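Below is one structure, written out as structure tokens; comments come after it.
The values are calculated or read from the model by the stated rules, or taken from the named source; none is laboratory data. Since we're looking at a predicted model, the values are computed, not measured. Using ideal geometry, Cβ is built from the backbone for each residue, glycine included, and neighbour counts are taken over all protein chains shown.
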Amino acid sequence: MHREGLLHRDLKPDNMGILSREQPFVVLFDLGMTRMYTDEVGQVRLPRTTCPFRGTPEWASGWAQKGRDKSGFNDLIGWLFVCCELYDSSPITIQPLPWTYRRSSKILTLLKTNHCPAFILLSRAPRQFTQSTHISCR
């Protein structure tokens, strides 16, 4: 999608699936929030100065929740959050994302900033995920 200049802007488990066992490709659904981030000649558009939040807060990046324009980076952060949930190594069926049961948008936003240590986000993810800690909480 990104190669074609498109942002999904609402990556979450409900909006993706696997094609089949024989063809294990990720398929994205619900393209209703998709937006072009390039112009007609393929140049990246300037970011909008204000951008009201749209999407699902649990899987959105902190950047998006602050009302900033999204980029491919935000889709990748959403993908990381989805992977943390899908690859949760815990035998207990509780939500692996630290903000799942938080009701305060301020706490949720804080947990998605540089002030959130990556070990909180990745505490129950496979150990290979810790290699991506430099991008996990922005």
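Among the residues of the stretch 33-48, those identified as under 18 Å from Leu76 (Cα atoms) and either in contact with a Ser or Thr (Cβ under 8 Å, 6 or more places away or on another chain) or assigned to a loop (DSSP other than H, G, I, E, B) (or both) are Met33, Thr34, Tyr37, Val44, Pro47.
Considering only the stretch 45-55, I want to know if a residue exists there that is in contact with a strand residue (DSSP E or B) (Cβ under 7 Å, 6 or more places away or on another chain), free of Cβ contacts under 8 Å to residues at least 24 places away in the same chain and over 21 Å from Thr109 (Cβ atoms). Looking through the stretch 45-55, at least one residue is in contact with a strand residue (DSSP E or B) (Cβ under 7 Å, 6 or more places away or on another chain), free of Cβ contacts under 8 Å to residues at least 24 places away in the same chain and over 21 Å from Thr109 (Cβ atoms).
The set of residues in the stretch 53-86 that are out of contact with any helix residue (DSSP H, G or I) (no Cβ under 7 Å at 6 or more places or on another chain) and more than 22 Å from Pro126 (Cα to Cα) comprises Arg54, Thr56, Gly67, Arg68, Asp69, Ser71. Based on this model, can you work out whether Val82 counts as among the hydrophobic types (A, V, I, L, M, F, W, C) and surrounded by fewer than 15 Cβ atoms within 10 Å (Cβ to Cβ)? Judged against the criteria, Val82 is not a match.
Yes/no per residue for (1) closer than 19 Å to Arg3 by Cα; (2) surrounded by fewer than 19 Cβ atoms within 10 Å (Cβ to Cβ):
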| residue | (1), (2) |
| --- | --- |
| Arg45 | yes, yes |
| Arg48 | no, yes |
| Cys51 | no, yes |
| Lys66 | no, yes |
| Asp69 | yes, yes |
| Gly78 | yes, no |
| Trp99 | no, no |
| Ser104 | no, yes |
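All conditions but one from (1) small (Gly, Ala, Ser); (2) at pLDDT below 90; (3) surrounded by fewer than 16 Cβ atoms within 10 Å (Cβ to Cβ); (4) closer than 24 Å to Gln128 by Cα apply to Ser61; the one that does not is (3). Pairs meeting the criteria (first residue in the stretch 10-32 and under 15 Å from Leu76 (Cβ atoms) and among the β-branched types (Val, Ile, Thr), second residue at pLDDT 90 or above and in a strand (DSSP E or B), beta carbons under 7 Å, at least 6 apart or on different chains) are Val26/Met16; Val26/Ile18. Scanning the stretch 2-30 for residues that are surrounded by 13 or more Cβ atoms within 10 Å (Cβ to Cβ) and farther than 25 Å from Gln95 by Cα turns up His2, Gly5, Leu6, Leu7.
From the residues in the stretch 1-32 that are assigned to a loop (DSSP other than H, G, I, E, B) and in contact with a Gly (Cβ under 9 Å, 6 or more places away or on another chain), which one is nearest to Arg68 (Cα to Cα)? Taking the candidates together, the pick is Arg9.
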